[in-house]
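Following: one structure in structure tokens, then a few remarks.
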Amino acid sequence: MNINIENLVRENIRQLKPYSSARQEFSGDADILLDANENPFGSPLNVNYNRYPDPNQTELKKMLSEINHISPDHIAVENGSDMLIDHICRIFCIPGKDNIIVLPPTFTMYEVAAYTNGNEVREVPLDQDFKMNTQKILSVADENTKVIFLCSPNNPTANNMNRDEMEKLINQFNGIVVVDEAYNSFSNQKSFIPDLPKFKNLIVLQTLSKAWGLAGLRVGIAYTSTLIAGYLNKVKTPYNLNVASQQFAIEALAQTDKVNAWISETKEQRNILSEALKSFDFVETVFPSETNFILVRVKDADRLYHYLISKKIIVRNQSHKVLLANCLRISIGTPDENKQLIDVLKKF
Ligand SMILES: *Cc1c(COP(=O)(O)O)cnc(C)c1O
């Protein structure tokens, strides 16, 4: 499909002259920084946070670029992928006119971002096996549908979308397709990042919040064309990612061995916990998982949910969502936490 991405971008965003920060206008080595009205003495803390962060996140992007074999101008980083989702809606969707498509049950930030921006949300629910229906999605899309959000592996159903179907949709849809890979490292499906050159309309989202263990630092990443990355960088606030987030993210990204070991352990625990859950007579279905959580259907989700709260164990009640009657979503904990959960469930 010969799709013109530039034409999909809102006129006001195309025209926008981004804020130019002091640190962006000058890059090089300087001895005296009198350009940004900072406190020159330091900060009251032991660590000096008195200087603004690198607005271009150069080191961080270089690191991400090496890990994912893609050049830094294909990357945008934000305070969590939540913020990228928000910006994607704002770049492509005209308030009061355009719409997005989501595939419930799925991550709800997509619709929150669209509603915040004054956009209609069209829902094309997954089928009973949590599979996407490409034909139905395409038939619901019209000329005002600008973005389709695919979450794979999907939160909260824990399964991957079918890769051929995803490719078909990206090829046939005349707008932007976002593939949210927040849980990709726990799955056997390969990332869409290497396929970016094939698709002009694709944005791949990843995050350091899940497998990488940095939820508290808020680092989300978009991998996409240089054109779309350019727009994501254009609409961001100048110093969007703070000094600590950039610095610690860089340090963490050098420790892939540690993270890979946690991923293996999580997968192992996923098997153990799944098997244990299947043994309880109040459990109806333990859905297969490609993520770091397990979706489970029980006889009475509300009762079990409140029982667990009374034992100081918090899981996510998904019962109110389409297709998820009596379903709970349980994040996989440490071996000890999972054992405690199982012990508590034995007394239910
Ligand atoms: C957790 C989650 C995110 C949020 O990531 P942040 O980078 O922490 O904002 C994005 N997408 C999905 C599907 C998630 O489950």
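The values are calculated or read from the model by the stated rules, or taken from the named source; none is laboratory data. It should be emphasised that the depicted structure is a prediction, and the values quoted were computed from it without experimental measurement. Every residue, glycine among them, receives a Cβ derived from its backbone with ideal geometry; neighbour counts consider all protein chains shown. Surface accessibility is based on the protein's heavy atoms, side chains included, excluding ligands, DNA and RNA. Shrake-Rupley method; radii C 1.70, N 1.55, O 1.52, S 1.80 Å.
A few comments on the model shown:
- Residues of the stretch 192-223 satisfying the condition of being part of a loop (DSSP other than H, G, I, E, B) and within 14 Å of the ligand (Cβ to nearest atom): Leu208, Ser209, Lys210, Ala211, Trp212, Gly213, Leu214, Arg218, Val219
- None of Ile309, Ile250, Ile313 is within 22 Å of the chain's Cα centre (by Cα) and among the aliphatic types (A, V, I, L, M) except Ile250.
- Residue in the stretch 186-199 that is under 22 Å from Ala114 (Cα atoms), of a type outside the set (S, T, N, Q), at pLDDT 95 or above and open to solvent by less than 10 Å² (accessible area, probe 1.4 Å) present: no
- Ser185 within 16 Å of the ligand (Cβ to nearest atom), assigned to a helix (DSSP H, G or I) and among the hydroxyl-bearing types (Ser, Thr, Tyr): yes
- Filter result for the condition that a residue is closer than 30 Å to Lys267 by Cα, in a loop (DSSP other than H, G, I, E, B), open to solvent by 50 Å² or more (accessible area, probe 1.4 Å) and without any contact (Cβ under 8 Å) to a residue 24 or more places away in the chain, over Asp164, Asp129: Asp129
- When Leu227 is tested against (1) touching a residue at least 60 places away in the same chain (Cβ under 8 Å); (2) within 18 Å of the chain's Cα centre (by Cα), only condition (2) is not met.
Let's see how each residue does on (1) within 30 Å of the chain's Cα centre (by Cα); (2) of a type in the set (Gly, Ala, Ser):
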| site | (1), (2) |
| --- | --- |
| Gln24 | yes, no |
| Asn39 | no, no |
| Thr58 | yes, no |
| Asp73 | yes, no |
| Ala76 | yes, yes |
| Ser81 | yes, yes |
| His87 | yes, no |
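- Scanning the stretch 70-118 for residues that are within 16 Å of the ligand (Cβ to nearest atom) and in a loop (DSSP other than H, G, I, E, B) yields Asn79, Gly80, Leu103, Pro104, Pro105, Thr106, Phe107, Thr108.
- Candidate set: the stretch 263-284, residues that are open to solvent by less than 50 Å² (accessible area, probe 1.4 Å) and free of Cβ contacts under 8 Å to residues at least 24 places away in the same chain; chosen: the one farthest from Asn155 (Cα to Cα): Val283
- The residues on offer are Ser331, Ser245, and the sole one that is within 21 Å of the chain's Cα centre (by Cα), open to solvent by less than 30 Å² (accessible area, probe 1.4 Å) and closer than 21 Å to Ser81 by Cβ is Ser245.
- Selection status of Lys258, part of a loop (DSSP other than H, G, I, E, B) and more than 16 Å from the ligand (Cβ to nearest atom): no
- If the condition is being surrounded by fewer than 13 Cβ atoms within 10 Å (Cβ to Cβ), outside any loop (DSSP other than H, G, I, E, B) and at pLDDT below 95, then the stretch 1-43 contributes only Glu25.
- Within the set Asn155, Asn159, the sole residue that is within 16 Å of the ligand (Cβ to nearest atom), buried (at least 21 other Cβ atoms within 10 Å of the Cβ), within 16 Å of the chain's Cα centre (by Cα) and at pLDDT 95 or above turns out to be Asn155.
- Of the set (1) within 16 Å of the ligand (Cβ to nearest atom); (2) out of contact with any His (no Cβ under 8 Å at 6 or more places or on another chain); (3) assigned to a helix (DSSP H, G or I), all apply to Leu232 but (2).
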